[in-house]
Amino acid sequence: MRGIKDIYVVGRKNPDLDSIASTIAYAELKNTLDRDSNYVPTMCGNSDKITQKLFGYYNIPLPKYIDDLGLRVEDVMTKNAITVGKDESVTEIFKLMLKNDLMVVPVVDEDGTFIGYFGMIDIAKKSISSVMPDIFRKIKTSISIIKNAVDGELIVAPKDEDKMFVATVVMGVMDEEGLMKVIERIEPESIIMVVGNRREMQKAAIEMGIRCIVISHGYKMDEDLVKMAKENDVTVISSEYDAFATVGLIEWGIPVESVCEKSSTVVHPSDLIADIKEKVYRSSNRAVTVVNSSNKVVGIITRTDIIKYNKRNVILIDHSSSMNAPEGIYECNILEIVDHHRLGDIQTGYPTRFRIEPWGSTSSIVADEFRINSIRPSKTSALLLASGIIVNTKFLKENFTNKDEEMLNWVCSLWDFDPNNILEDLKNAINL
């Protein structure tokens, strides 16, 4: 099983300043030590007024808010998913899917809004339909699409080559009588006939007024037939490909919008995996598009994405009891616990590092972790750690141990902070 690259550094429920300061600083330390993962400071529950005032005073953003540690779509989805425009041809999309080993791609309109899915299952359906009776072989196309699909040359142009119509592709392998029987079942204006250098078949098709003749193998139409085609409003296109390839290119060169699965089935980045799992499993392509609030595609999540990921990895800061942890804690791998309280009731089934000290604040322990690893905290983290120590020891008056004093002086010395000035700033920030 793969792990999630983002590792949450999680403070206690309804955190105080010490908890949030420790969370932010410890995530910074871990990101410095471990470049292969991304440690994200988080808070579960609203912060207290002292924290809110101090963060506002120093203009420091609060950490990411979470209320459930369960995996979310954004944790496992494939970001920057490849999308295709609704007017792109099936042929080109198929090449794109093969090149990138994709089973499904989201289809979007002109402004990037999601409209549906196109997957290998749709290609399979179309492949089967190509050998079914004519009614299953109808395609929505235009003369310009046909011309581009076969890299063709317009010999006789229509009045409007971009006009869309429903067409039936017929191979001119029968005689004139056979063609007549086909015409009896299908409207002539909807027929696209692919034929080689069979003059009599070309003439019969023109006389019957079919929509378009595509001449394969690069053969030329006789001038008298070209004139007749113009008089009968029959479009003529020349294709360099053989008849079989020409038919395939016409049928597969249609816009993907005409064959894709139109759908409103989507999920959002913040959705819990547990809530959307069945939606993914039941989707025809075993994948669901992830969209933002504007219905723009931001990723895709597949059944494989859900299966291949394991539990979330977390580090608990300033607590070790289930009562102070977010929902879903027992669905996580707890990598570390750093706290200055008593050991709580959380049991782990994963190798876990514990550091619990009888000090006045968790901020002091985190500061010591920086010192042990010979890493200088950023100016912001140093300020937060100093503030956490001061506030959690009731402004250096309660449970202010020798270790707290040592860590306060050490972290302030790194940035030439005066602890007394920070103490006064804190009092001013919280109006004491």
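Summary table
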item	result
Value of relative contact order over the chain, rounded to a whole percent, pairs C-alpha under 8 Å and six or more apart	22
Per-selection Kirkwood Rh - the chain (Cα, Å, 1 d.p.)	26.7
Euclidean distance of C-alpha centroids, segment 285-326 and segment 387-432, integer Å	38
Value of relative contact order over segment 85-258, rounded to a whole percent, pairs C-alpha under 8 Å and six or more apart	27
Karplus-derived 3J(HN,Hα), 6.51/-1.76/1.60, for each residue of segment 400-409, Hz, glycine and proline x	8, 7, 4, 5, 4, 5, 4, 6, 4, 5
Percent antiparallel among DSSP beta bridges (both partners in the chain, rounded to 5)	40
Efficiency of FRET between SER190 and ALA157 - r from beta-carbon atoms, R0 22 angstrom, step 0.05	0.75
C-alpha center-to-center spacing [segment 361-386, segment 10-40] in angstrom	11
Efficiency of FRET from Cβ geometry, ASP6 and ASN148, R₀ 41 Å, rounded to 0.05	0.35
Pairwise label distance in nanometres, TYR57 with ARG199, each label 7 Å out on the Cα-Cβ vector	10.0
Estimated 222 nm signal from helices in the chain, with DSSP H stretches of n ≥ 4 weighted -39500 (n - 2.57), rounded to 500	-11000 deg cm²/dmol
Sequence-distant residues sharing a close amide H with ILE210 (under 5 Å, placed H)	none
Whole-Hz couplings from phi, Karplus 6.51/-1.76/1.60, listed for segment 25-38; x for Gly and Pro	5, 5, 4, 4, 4, 5, 5, 6, 7, 10, 7, 8, 10, 10
Exposed GluC sites (Glu not before Pro) absent - longest run of the chain, DSSP non-H/G/I/E/B, at most 12 other C-beta within 10 Å	111-397
Long-range HN-HN contacts of GLY116 with modeled amide H, under 5 Å	VAL107, SER263
ILE82 paired with GLU231, simple spin-label distance in nm, labels 7 Å along Cα-to-beta-carbon	5.1
Trypsin sites (Lys or Arg not before Pro) within segment 205-260, DSSP loop, no more than 13 other Cβ atoms inside 10 Å	LYS220
Gyration tensor verdict on segment 85-258 (Cα atoms; rounded if a/c is under 1.5, prolate if a/b is larger than b/c, oblate otherwise)	prolate
Beta bridges by DSSP in segment 85-258, antiparallel share as percent, to the nearest 5	50
Residue pairs, from the table LYS49/LYS397; LYS5/LYS311; LYS13/LYS311, whose Cα atoms sit over 18 Å apart	LYS49/LYS397; LYS13/LYS311
Loop-resident sites, segment 333-432, for trypsin sites (Lys or Arg not before Pro), counting at most 15 other Cβ within 10 Å (DSSP)	ARG342, LYS394, LYS397
13 Å beta-carbon shell around SER321, net charge (K/R +1, D/E -1)	0
Footprinting exposure proxy for ASP36, ASP418 (fewest neighbouring C-beta atoms within 10 Å first)	ASP36, ASP418
LYS427/ASP109 FRET efficiency (R0 60 Å; Cβ-Cβ; nearest 0.05)	0.55
Inter-label distance, nm, simple model (7 Å from Cα along the C-beta direction), LYS296/LEU33	3.9
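Read the figures in this text as sums done on the coordinates, not as results from a lab. Nothing here was measured: the structure is a model prediction, and the numbers come from that model. Every residue, glycine among them, receives a Cβ derived from its backbone with ideal geometry; neighbour counts consider all protein chains shown.
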